[in-house]
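Notes for the one structure printed next.
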Amino acid sequence: MSGNLLNLSYLILTRYHPLIKCNVALSGLNATDDPAPGIAFARSLRESGEWQGQIFGLAYDATETGIYQDAFFDRVFMMPDPLLPELFFNRLQQICVNSNIHVLIPSLDYELIGLSSLTKYFKGIGINTLIPSAPALRNHLKTKLPDFCSINGFKSPQQMSIVHPDSIYSVVAELGLPVVVKGVIHGSHIAYSINEAIIYFHKIRQRWGAPVLLQEYIPGEEYNTDCLVDRDRKVIGAVQMKKLALTDKGKGWSGVTLYDKSLMDLCFAIIDKLRWVGPIELEFVKHGRSGDYYLLEINPRFGTWIYLSAKAGQNLPLAAVRLALGERLKPLPMYQTGKMFVRYSLDKVCPLSQLAEIMTTGELDLSGKSYKGIN
Amino acid sequence: MPVIKNTLEIDERGFIFDPQTGSSFAINKPALFIMKELKAGLPLRSLQEALQKKYGIDSKIAKMDLADFVRQLTKLELLNPDKVSPLD
């Protein structure tokens, strides 16, 4: 045998990823100081180099800031309330007449509950999804979190549901101050006094309805893990992020990737118990004294910082689209730790006619040219 | 002998990142010198002598400052917990 055959040093092994061609519809277009993940998802796809197609934004309000981002969305459509699944489905069917949607990625917490019942109907009109089952979704609910953790041996803050502000006094007597006031679907504030808790109670009840949750405040630093789980409930990718800066709403405005094996093991165990499929975000606080991780929240979607996962080496949005299309994926390679994101605000200037178009016709074409979908 | 966590990333400009906790720290030049020597496995006694020589300080101050710095490292969980033993 010649020496050349034994010398393998010139071989470069790379993972081969074929280009995927599909049109993706995404929700979660708002990008204010309490952003949704739609733009980060779209950006991860656009920059992947492994995807080709159109991205359709699905919006619920003409003021959602992502509607006007022509760098990320080709078309945007106004949608009816997802808690009225029939209306939502009819609107999707109407959109599909002229715009083929191959993959639907719901990116808002409250959408999933209504849409989980529609997956087989989506398939019937050629739309692929990666949505958890209704029982798995029920377990993620904020009201169920303490029971889920207690049954499965995971640490989580004490929590109580209340419907009337008078209950705040007795709950605070038990949980102490500060206390975290949370909505059942979204919204969270730290209250340092009973008066503050009452104000937040009313604010949250008005926006998200009753009950309102009061959660024990755990002092420590916040860690998030975003994961992607395939249909066999195997974790395909997971990226950990520590929040470096928070807004006054407690939203991460800056963060850095890290890898803590004990946290990763904990996340895998939680996902297993949830019997989850699809994107998921687990939010923890690491207790300042004990170092134990407390599960604060489960989000049935990627976090708003998901673009960081793509830049750190695990493009979870791209992998989610592949899984939705029915591909089988191997677990993604380890991501890079020490990758930091810093969020910033930027004014987008656009013609008022765009607002008029979305408000009057219910859709906005941002492609700037005649529509060319993938058929 | 205190052993620096082997996963720590030490930047030449005086910046430390712990990829296990996501914590980062800025340190001055003497601290950077100590971190690098500890990471290289230099025993404390030798490190103390190296500090004296490099910064022209007497042994008492070098010993005290070094002990104080190692205490901070311990508190910040930047040392390998399995390999920390009392100074001296």
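Values as computed for the structure displayed
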quantity	calculated
A:Asn139 vs. criteria farther than 18 Å from A:Val212 by Cβ and at pLDDT below 95	yes
Identity of the residue in the range B:7-24, within 14 Å of chain A (Cβ to nearest Cβ) and in a loop (DSSP other than H, G, I, E, B), that ends up surrounded by the fewest Cβ atoms within 10 Å (Cβ to Cβ)	B:Thr7
Answer residue from the range B:25-42, given it is of a type outside the set (A, V, I, L, M, F, W, C) and within 11 Å of the chain's Cα centre (by Cα) and is nearest to the other protein chains (Cβ to nearest Cβ) among those	B:Lys39
Residue list for the range A:153-182, filter: in contact with a helix residue (DSSP H, G or I) (Cβ under 7 Å, 6 or more places away or on another chain) and free of Cβ contacts under 8 Å to residues at least 40 places away in the same chain	A:Pro165, A:Tyr169, A:Val179, A:Val181
Hey, A:Gly288 at pLDDT below 95, within 13 Å of chain B (Cβ to nearest Cβ) and open to solvent by less than 30 Å² (accessible area, probe 1.4 Å) or not	no
Test: A:Ala320 is within 25 Å of A:Leu108 (Cβ to Cβ), out of contact with any Lys or Arg (no Cβ under 9 Å at 6 or more places or on another chain), open to solvent by less than 60 Å² (accessible area, probe 1.4 Å) and part of a helix (DSSP H, G or I)	yes
Residue list for the range A:165-191, filter: within 13 Å of A:Gly250 (Cβ to Cβ) and among the hydroxyl-bearing types (Ser, Thr, Tyr)	A:Ser188
Any hit, the range A:47-54, residues being open to solvent by 30 Å² or more (accessible area, probe 1.4 Å), in contact with a helix residue (DSSP H, G or I) (Cβ under 9 Å, 6 or more places away or on another chain) and assigned to a strand (DSSP E or B)	no
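Yes or no, residue by residue, for (1) of a type in the set (Lys, Arg); (2) open to solvent by 20 Å² or more (accessible area, probe 1.4 Å); (3) over 21 Å from the mean Cα position of the chain (by Cα):
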| site | (1), (2), (3) |
| --- | --- |
| A:Gly114 | no, no, no |
| A:Lys120 | yes, yes, yes |
| A:Lys123 | yes, yes, yes |
| A:Asn128 | no, yes, no |
| A:Pro132 | no, no, no |
| A:Leu137 | no, no, no |
| A:Asn152 | no, yes, yes |
| A:Tyr169 | no, yes, yes |
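Conditions tested, residue by residue: (1) more than 24 Å from A:Ser44 (Cβ to Cβ); (2) out of contact with any strand residue (DSSP E or B) (no Cβ under 9 Å at 6 or more places or on another chain); (3) not assigned by TED's automatic domain parsing to the domain that holds A:Lys182.
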| residue | (1), (2), (3) |
| --- | --- |
| A:Lys234 | no, yes, yes |
| A:Ala238 | no, no, yes |
| A:Gly252 | no, no, yes |
| A:Asp265 | yes, yes, yes |
| A:Arg275 | yes, yes, yes |
| A:Glu281 | no, no, yes |
| A:Gly291 | yes, no, yes |
| A:Pro300 | no, no, yes |
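The values are calculated or read from the model by the stated rules, or taken from the named source; none is laboratory data. Everything numeric in this text was worked out from a predicted model, so none of it was measured. Backbone-built Cβ (ideal geometry, glycine too); neighbour counts: all protein chains shown. Quick note on the areas: whole protein, heavy atoms, side chains included, nothing else; ligands and nucleic acids left out. Shrake-Rupley method; radii C 1.70, N 1.55, O 1.52, S 1.80 Å.
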